[in-house]
Each structure stands twice: as structure tokens, then as C-alpha cells.
Amino acid sequence: MSLITRRTFLMSVLAASAVSPPVHSSFSPVDMPRYFPDDMFALIKEIIGPVESIIKIGQTISETRPKLAVSLWSVEFVCQVFDTHSPPEPDRVHRLKNRYRKRITSDFEDGRTTLINGWMLSTTEVELCLAMTGKLRKLAQIPL
Amino acid sequence: MIIDASEIKAGTSIPCDLCIIGAGAAGITIAREFDGIGLNVWLLESGGYELEQPTQDLYKGTSTGRRYFPLDKTRLRYLGGTTNHWAGLCRPMDAIDFESRAWIPNSGWPFNRDHLVPWYMRAQPILDLGEYIYNAEHWIDENQRLLPFKTGTFRTEVYQASTPLRFGTAYREQLRKSRNITVCLHANLTHLQVDKPSAQLKSLRIQTLDGNQFSISPQTCTLACGSIENARLLLSSKDIHPDGLGNESGNVGRYFMDHPVLSRNGSLMTTSGRIPEIYYDPYYFRQRRPLYFTVLLDEVSQRQQQVANYSALFFPALLSKGVKSYRRISRKLSRDQVITGWWQHISNILGDLDSVSSKFYYDHLTNKPAPLQLDFYNQWEQVPDPDNRVTLDRARDSLGIQRVNIRWQLGEIDRRTILTAHRMMALEVGRTDLGRVRLGISENDPLPDTVRGDNHQMGTTRMHENPALGVVDANCCLHTVHNLYMAGASVFPTGGSTNPTLTVVALALRLADHIKEKLA
Ligand SMILES: Cc1cc2nc3c(=O)[nH]c(=O)nc-3n(C[C@H](O)[C@H](O)[C@H](O)COP(=O)(O)OP(=O)(O)OC[C@H]3O[C@@H](n4cnc5c(N)ncnc54)[C@H](O)[C@@H]3O)c2cc1C
């Protein structure tokens, strides 16, 4: 099982965004299990939604808005989700989920939104989808 | 009493106290108010009891600008008028609709909504509606809830649906039995003759399609022929002013409006259970009345964003071919019924496996709430624009009256209104985590060609205290002819975002009260 540390993740995301690769158009959700510990899926699902949807959204975003940048916040957030080195805290998912929801709510309140194919998404959602699609996939391929 | 115009001797001149032209919602409402009162009232109707093509053809005309309905389809010319095919959705206009709003050019009624409430209340039973309550909270029970919009953004109200009441059928018997009202069918008003020095209407020329002609000399007259025809009749009567009767200010025919509509434009993606079903259930009844829950852009937002009024109904997205076939087959199988057109269904399903498998998954393999897409039916207020107008065409109808041309165009505020409403809806739906919204139009694009009207013709003889800015005064009397009144939506200075007929009937009742007082 590959372990992803927060630091390596951050570094590779930054590296990946420097290259800014187009997202694979033939990307299929069945590729995913090879790269992640089993419980990661449950975690992502719990916090954000079905992995397949996130990847689909992420792909669309990078195709339609290739210049959108991923902020440090979302990178950091994803790192926390994937930081399997930290001792598992029982309420980690719950805490992250709350943080994520709050941030999305305040995005909509403050008008921090992005239109993707006409859909109004919160900037946080967009960044997370982006971070979890191309970048994360890249990350998973980096040998640790 | 109901008679036919062919029974009247050619060349006769008939005196009466009140003559109402047009037996639609407005005309019949006014006439009924005079039933049993000691006044001699005539109600003239161009058509008969049913649609007759030669009469309906009198409504033919042309349009320019945005695509508009064929003028002989959007209105009906026989007893009961256009209510013979209306849908029956009713709601009063909002308080803000009556205000003069700095950001909406030419807005402002001579009175506010509170003034109209007593007549709105009287209009309810006439349209076969329930209590005069449109606040959605009143109509739900304790285990239902409304969408939790932040105060000042959107609010929910209901449309009450009339049967839909056909005025011609519903009130025919009362009119037939009336001793003082004479309904005259197949009687077309073709000319209004005015005595210039006294500024009084003297006589009305009435013609039938088979060549009969007579006149009526009323003490008071009301035109209730619908917005397009009210203007046409004034524009065609050129004895006093070459531009038409009451048209000294050049306003007759101008400020023509409809409610712009974009159907299934913009949508809300959610999961079942998050949006209360009352918002998209077409069979929601209370006190045996169908109600439609509509989401309105609150007046606070209209002021802040400087846009016009807007309302939306939600419709579940259309099912794909495959899902429809899958549903039909499942239903038939579960009822042990014979399935016809097997191969067509199978091919629909195979061509649409993604949606069908998702439907199957949510129906049978999981307890999770299924995704639900609701499309918006957008209806909004059109900013009154003097360049949108009814004018006379060169072509003439079979009675020799010039046909009309309608110019209908939408402007920047009209575009910005729906755009702003969608943007705000998306923010509110996101903030409350009810789902996500897809905007129907984009920031810099013009309104799509699919924007259409809603068969709600308004304006053309607008109400304004100042004769330079309107055609009729606050009592709906022509500024320049003191015994000629206009009834119907032609007097609306602005039209809000709601369907007009409840307001048309309320104004008709108000006008009837005024005429009664005057004739007394
Ligand atoms: C498809 C459709 C659906 C609608 N749905 C709704 C709805 O859900 N809710 C709502 O509020 N409104 C709705 N409306 C609008 C509604 O029908 C009108 O607001 C209403 O009928 C207007 O009443 P009126 O009396 O002013 O005009 P009309 O009902 O059009 O009556 C005018 C009458 O004048 C007569 N006339 C015309 N010219 C002459 C003449 N020269 N001489 C003698 N008689 C003449 C005509 O024959 C007609 O009987 C709808 C309209 C359509 C077309």
C-alpha cells in the first residue's frame, strides 16, 4: 500500500501544476484503486462526494477553464485528507467535512464562485475537483 | 337577453346607458356588475358561442422584432374571449409592481396595490378561486416546508388555478336571463365617433360580417377587446385626430408588453428529498384547488440589483427516451400487462444505457436519494418601452378595418433580469446546499431566440395621470374623451411577473364601481 505524506503530496502537486498537464480524457474511475489505500475512497466520498463525479467534474473544469489555478488551501486540504502518516483521529473525517462545508457555504455567501459549463460551483469545490483529478493522479504515480 | 346582430334593422341607432364592447373576462365582469340595476346596458361581442373562422380571421395581423405568436392564435374572438383557452393560473401583482422605480423607465401606476386589494378580493369568486391568500405558508401543512431562502433574496408564493373558468360558458345563463343587459353577438365595433367640442363619444358603428350595419349611442362606453384590439380601434377612429382617437400624446398602441418566458432554461441539480415536492408536484391540491408554488425574486433584490420582477416554476427534467422505455416496461411487467412495441423499447434502452443503469441503480440497488434535475420555467417582467407598439398595417380585414402590426423587442434590463435571477438562485441554492444551479444564459450573451411571450398582451392604452404620458387616467377614462373607458390589460403601465387576468378582473370591477357612481 502506498503511503502519501503531506509534504510529498504538496511538492508533487506544485510540480505537477508547474507542468500543467492536460487531464487524460480517457480517464476512467476504475484506474483509481491501484493508487489509494482502500479507506481513502470512503474518506473522499464522505467529505466531497463520489470519486467518479469529482474526477468527471475535474476533467471538465480543466478542459473548459485550463487556466484556473489551484490554491494552496485546497492542496493543503487534500493533504490532510491523504495524510495517512498522522495517527488516525476518530473525528478526522467529520472535522474535515465540516471545514469543507463551511468554506463552501461562505464561498456562496461571498460570491467566490466559478461557472463551469454554466454550473455555478464554489471556488473551493472547483479547486478540490482540480486537485483531486489531474494532480492527484500524477501524485499517485510518483514512486514514494 | 342574448340576441344576434343580424336581428337588428340596418341603419338603426340604439341609445343606451352603457355599452361594453367585447365579452371576454373584462367585458363580462363589468356587464354582470350592472345586472338588475335600472340601467340599459349593451354588451357587444364580435363572435358567437363558438369559434367561427371568418370572425377569428379578423384578428390576423403581423409582427416584427422578436418572434411573437400569430395574432389570430393568441386571442379568441367569441363569447368569453381568450378565456376560452386560457390556463387559469392566477396571482395578484406584487406591491413593487405598482411603484415608480427609478431603474425601470416608464414604471409606476397611479395607485398602489393596497388600493386594489378590495377588488382583488371580489375578483376571486368570479374566477372560481379560493381565499385571497397567496402566501405559500398558508397553503402547506405542518410536515411540509418551504425553501429556506435568505430574507430579501427569493420568496415563495402560490398561483391559484381557476378551473380554468370559461367566462362565456360560466356566465351565459346569467346574461341570458338578465332583464337590463342585452348581449349582442356577431356585432363588431368598427368605428368610434366623437363630438369634438364636448369631448364626448357620440356613437359606435357596428357591422356584421354579412353586411348589416347599425349604430349605438351610449351615454358611457367601455372598450374591453384585449390590449391589441383596444389600441387598434382607437387608432382606426381618425375623425378628430389623424393619428387616432385619444392619441394626441402619441401614446396609443405604445408600451406594448408581454411576459418574456424561457421554458426549461436554467436548472437545479439536487437529490430527491432536498427540494420539497410541492415545488414540482403538478397535482398539489388544497381545498380542492390546484396550487402551483412559484419562486419570486424578492423586491429587496430587485431594488439592490436594479432589475425587474421575476418568477420561476420548477419542472422535473424531461426523461430520456431510454428511461421512459425502461419505466414503461417495468410498470407493465409489474402489472402483468402486455407490452407492445418491445423492439422499440429495447433499442431505446440500449441506446441510453448510462441513464437507464443509473435509474435502475437508484430504484433497486441503493437506498441513497436519487439525483433529481429540476428545470426552470422563467417568466419575468418586461420593461415598458415606447418603441414596442401596435400600429396599423396597410392590409385591411373583411370589415375594411386596417390590420395591425406588433413590434415586440426586449431590452438590456429584460436580459439582465433573468441573468441576475439565475445568478442569485445559484448562490442561494449553493449556500443552503440544496444542490447546484446551471445558469440558463451567460453573462455576455444576448437573450436566446427561444424567449417567447406568454400570451399576456399588456400596455397600449396605458394609465397615467399625466395626459402627455398616458392614454387613460387613473379611472381608466380616456384623457381626451370623457365618456370612453378602457378595460383589460391595455391600461397596465407595467405588468409585473405574474399572469394578468386576476388584475384585469379586479380593475374591471373597480371600473364598474366608478361607472355606476358616475351614471347614478
Ligand atoms: C393560451 C393562453 C393561456 C393563458 N393563460 C393564462 C393564465 O394562466 N393566467 C392568466 O392570468 N391569463 C392567461 N391568459 C391570458 C388571458 O386569457 C387574458 O388575460 C384574458 O382573457 C384577457 O381578458 P380580456 O377580457 O381583456 O380580453 P379577451 O378575453 O381577449 O376578450 C376580448 C373580447 O373582445 C371581443 N372583441 C374583440 N374585438 C371586438 C370588436 N371590434 N367588436 C366586438 N367585440 C370584439 C373578442 O371577441 C373577445 O370576446 C392566457 C392566454 C392564452 C392565449
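The values are calculated or read from the model by the stated rules, or taken from the named source; none is laboratory data. The structure displayed is predicted, hence computed values, not measured ones. Here the Cβ is made from the backbone with ideal geometry for all residues, glycine too, and neighbour counts use every protein chain on show. Just so you know, the surface numbers come from the protein's heavy atoms only, side chains and all, with ligands and any DNA or RNA stripped out. Shrake-Rupley method; radii C 1.70, N 1.55, O 1.52, S 1.80 Å.
From the set of residues in region B:274-292 that are without any contact (Cβ under 8 Å) to a residue 40 or more places away in the chain and under 23 Å from the mean Cα position of the chain (by Cα), which is least open to solvent (accessible area, probe 1.4 Å)?
Only one residue fits best here, namely B:Tyr284.
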query: For region B:394-491, which fully contained strands (runs of 3 or more DSSP E) count at least 1 residues that are within 14 Å of chain A (Cβ to nearest Cβ)?
result: B:436-438
- prompt: Since B:Thr271 meets every condition but one in (1) in contact with a Ser or Thr (Cβ under 8 Å, 6 or more places away or on another chain); (2) within 14 Å of chain A (Cβ to nearest Cβ); (3) open to solvent by 10 Å² or more (accessible area, probe 1.4 Å), which condition does it not meet?
  reply: (1)
- prompt: If you go through region A:102-118, how many residues are assigned to a loop (DSSP other than H, G, I, E, B) and within 8 Å of chain B (Cβ to nearest Cβ)?
  reply: 3
- request: Please indicate, with yes or no, whether at least one residue in region B:103-119 is under 22 Å from B:Gly22 (Cβ atoms) and surrounded by fewer than 22 Cβ atoms within 10 Å (Cβ to Cβ).
  value: yes
Output for region B:302-351, where each listed residue is touching a residue at least 12 places away in the same chain (Cβ under 8 Å) and in a loop (DSSP other than H, G, I, E, B): B:Gln306, B:Val307, B:Ala308, B:Asn309, B:Ala317, B:Leu318, B:Ser320, B:Gly351
- prompt: Can you tell me how many residues in region B:484-507 are more than 8 Å from the ligand (Cβ to nearest atom) and within 24 Å of B:Asn247 (Cα to Cα)?
  reply: 9
task: Tell me which residues, restricted to region B:259-283, are farther than 20 Å from B:Asn309 by Cα and not aliphatic (A, V, I, L, M).
output: B:Thr270, B:Thr271, B:Ser272, B:Gly273, B:Arg274, B:Pro276, B:Glu277, B:Tyr280, B:Asp281, B:Pro282, B:Tyr283
task: Scan region B:186-218 for residues that are more than 13 Å from the ligand (Cβ to nearest atom), buried (at least 16 other Cβ atoms within 10 Å of the Cβ) and in a loop (DSSP other than H, G, I, E, B) and jot them down.
output: B:Asn212
statement: Matching residues in region A:73-113 (of a type outside the set (D, E, K, R), surrounded by 14 or more Cβ atoms within 10 Å (Cβ to Cβ) and at pLDDT 75 or above) number 6
query: Can you tell me which residues in region B:145-168 are open to solvent by 70 Å² or more (accessible area, probe 1.4 Å), within 13 Å of the ligand (Cβ to nearest atom) and either of a type in the set (A, V, I, L, M, F, W, C) or out of contact with any helix residue (DSSP H, G or I) (no Cβ under 7 Å at 6 or more places or on another chain) (or both)?
result: B:Thr163
- request: Mind telling me which of the residues B:Gly453, B:Gly440 ends up being buried (at least 20 other Cβ atoms within 10 Å of the Cβ), farther than 30 Å from B:Lys60 by Cα and either modelled with pLDDT under 95 or out of contact with any Leu (no Cβ under 9 Å at 6 or more places or on another chain) (or both)?
  value: B:Gly440
message: If I filter region B:257-266 for residues that are away from the ligand (no atom under 16 Å from the Cβ), within 14 Å of chain A (Cβ to nearest Cβ) and of a type in the set (Lys, Arg), do I get at least one hit?
response: yes
message: Need the failing condition index for B:Lys73 against (1) surrounded by 19 or more Cβ atoms within 10 Å (Cβ to Cβ); (2) under 18 Å from the mean Cα position of the chain (by Cα), just the number.
response: (1)
